[in-house]
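Just below is one structure, and these are the notes that go with it.
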Amino acid sequence: MKTITEKILALKKEKNAVILAHYYQEEAIQDLADYVGDSLGLSQKAAETEADIIVFAGVHFMAETAKILSPNKKVFLPDLKAGCSLAESCPPDTFGEFVKNHPDHVVITYVNCSAEIKALSDIVCTSSNALKIVESIPKDKPIIFAPDKNLGKYIISKTGRDMLLWDGACVVHEAFSLDKLLKVYADNPGSKIIAHPECPPEVIKASDFAGSTSGMINYVKDNQPKKVMMVTECSMSDNIQVENPNVEFIRPCNMCPHMKKITLPKILDCLENETGEIIMDQETINKARLSVEKMVAIGR
């Protein structure tokens with residue numbers, strides 16, 4: 001009898017499908033994936049592939065972004081309830097009114113938002129290119145930045161731009177506290193602290209390095225610290241540990257409850273029965289695509 005893994009691999013070949021896995025997924029899912037990466041990088045891979053079917057082992061906004069960039073392909077999310085606390089903190093109706101009340105502002109939104117929010121935006125950014133995107137806007141032009149207030153504060157601290165921030169946050173990164181960080185550090189003196197800019201400002205300030213998911217990976221790879229505290233989602237440390245055996249990864253970390261809704265049995269069901277398809281209207285796709293393409297034109 002075939003194992004779940006064997007069944008998934010057979011169906012993937014039979015249906016000309018690819019599996020995309022975010023860095024926050026468990027190792028078993030990453031091992032099956034054709035591509036592993038951050039949300040935008042995976043969506044760009046989806047657009048480049050010749051596959052007919054894309055299975056996105058991530059959360060809802062990521063699968064939506066893949067559909068935006070690959071509107072003619074079938075895109076599936078193994079669990080449609082795999083949401084995102086950050087994306088959900090920015091409801092389209094409320095945000096639409098907020099934008100209308102500030103008609104002179106350029107609207108920059110972090111890629112971790114729904115397709116409807118992207119459609120209301122002038123340009124999208126990632127944590128990797130947020131500084132570059134903000135600095136591309138003329139200094140005399142006011143900016144709305146949404147939905148992550150912590151990433152927005154980080155950008156303000158680096159650019160000096162006075163942006164109007166939406167009050168949203170990621171439950172995984174917002175949960176980190178400076179007290180918790182310092183207690184762990186006291187037990188592991190000399191550890192390098194690297195944090196995602198979705199963390200609270202006081203956590204970033206106490207860190208040796210702050211950067212995107214890929215930036216954190218590169219920091220570990222390039223610097224090979226003896227001990228490192230990776231202040232982000234737990235699976236990041238688990239997965240990067242394999243490629244950096246000489247580095248000791250010290251907690252704290254927090255699990256993303258939404259990412260962990262994706263499992264191998266759900267991926268199998270997705271391929272067998274084509275469940276969890278991302279369906280979007282063409283108008284939303286077209287508007288959202290414009291804001292994403294503007295970002296891509298500036299560069300990652």
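Tabulated results
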read-out: Heavy-atom accessible surface of the chain: percent carbon and sulfur, 1.4 Å; value: 51 percent
read-out: Kirkwood-based Rg to Rh ratio, the stretch 125-193, C-alpha trace; value: 1.09
read-out: Entries in K74/K221; K45/K118; K12/K149; K7/K45; K74/K132 that, when Cα-Cα distance is taken, lie over 28 Å; value: K74/K221; K12/K149; K74/K132
read-out: Set of lysines with alpha-carbon distance to K81 below 18 Å, sequence-local pairs under 8 removed; value: K67, K260, K261, K266
read-out: C-alpha center-to-center spacing [the stretch 39-85, the stretch 242-281] in angstrom; value: 13 Å
read-out: Cα pair count fraction exceeding 31 Å, expressed as % - the chain; value: 29 percent
read-out: The stretch 105-137 and the stretch 140-195: distance between their alpha carbon centers, rounded to Å; value: 17 Å
read-out: By average C-beta atoms within 10 angstrom, highest first, the peptides 193-201, 252-260, 62-70; value: 62-70, 193-201, 252-260
read-out: Those Cys residues of the chain for which no other cysteine Cβ falls under 4.7 Å; value: C84, C90, C113, C125, C170, C199, C256, C270
read-out: Whole-number percent relative contact order across the chain, with pairs defined as alpha carbons under 8 Å at least 6 apart; value: 22 percent
read-out: Sequence-distant residues sharing a close amide H with A210 (under 5 Å, placed H); value: A195
read-out: Positive-pole candidate from T49, N218, L268, dipole of the chain, charges at beta carbon; value: N218
read-out: Helical mean residue ellipticity (222 nm; -39500 (n - 2.57) per DSSP H run of 4+; nearest 500) of the chain; value: -13000 deg cm²/dmol
read-out: Quotient of C-alpha Rg and 2.2 N^0.38 Å, computed over the stretch 160-212; value: 1.26
read-out: Cβ-defined net charge surrounding A195, 11 Å radius [Lys, Arg +1; Asp, Glu -1]; value: -1
read-out: Anchor K141: aspartates and glutamates whose Cα lies under 14 Å away (excluding residues fewer than 8 positions away in-chain); value: D104, D122, D162
read-out: Sites V296 and N223 - FRET efficiency at Förster radius 30 Å, r taken between beta-carbons, to 0.05; value: 0.55
read-out: Residue-by-residue Karplus 3J(HN,Hα) for the stretch 184-197, coefficients 6.51, -1.76, 1.60, Hz, glycine and proline x; value: 5, 5, 4, 7, 9, x, x, 5, 7, 9, 10, 10, 7, x
read-out: HN-Hα J in Hz across the stretch 142-157 - Karplus 6.51, -1.76, 1.60, θ = phi - 60°, x for Gly and Pro; value: x, 10, 9, 10, 8, x, 8, 5, 5, 4, x, 5, 5, 5, 4, 5
read-out: Sequence of T263, T109, T3 when ordered by accessible area, the most exposed leading, probe 1.4 angstrom; value: T3, T263, T109
read-out: Two-site FRET efficiency, Q241 against D187, from Cβ-Cβ distance with R₀ of 30 Å, rounded to 0.05; value: 0.95
read-out: Relative contact order of the stretch 11-62, pairs being alpha-carbon contacts under 8 Å that are 6 or more residues apart, as %; value: 44 percent
read-out: Sequence-distant lysines (8 or more away, or on other chains) whose Cα lies within less than 18 Å of K183; value: K192, K205, K227
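The values are calculated or read from the model by the stated rules, or taken from the named source; none is laboratory data. As the structure is a computational prediction, the values presented were derived from the model and not from experiment. When we count neighbours, we look across all protein chains shown, and the Cβ atoms used for this are built from the backbone with ideal geometry, even at glycine. Heavy atoms of the whole protein, side chains included, go into the accessibility calculation; ligands, DNA and RNA do not. Shrake-Rupley method; radii C 1.70, N 1.55, O 1.52, S 1.80 Å.
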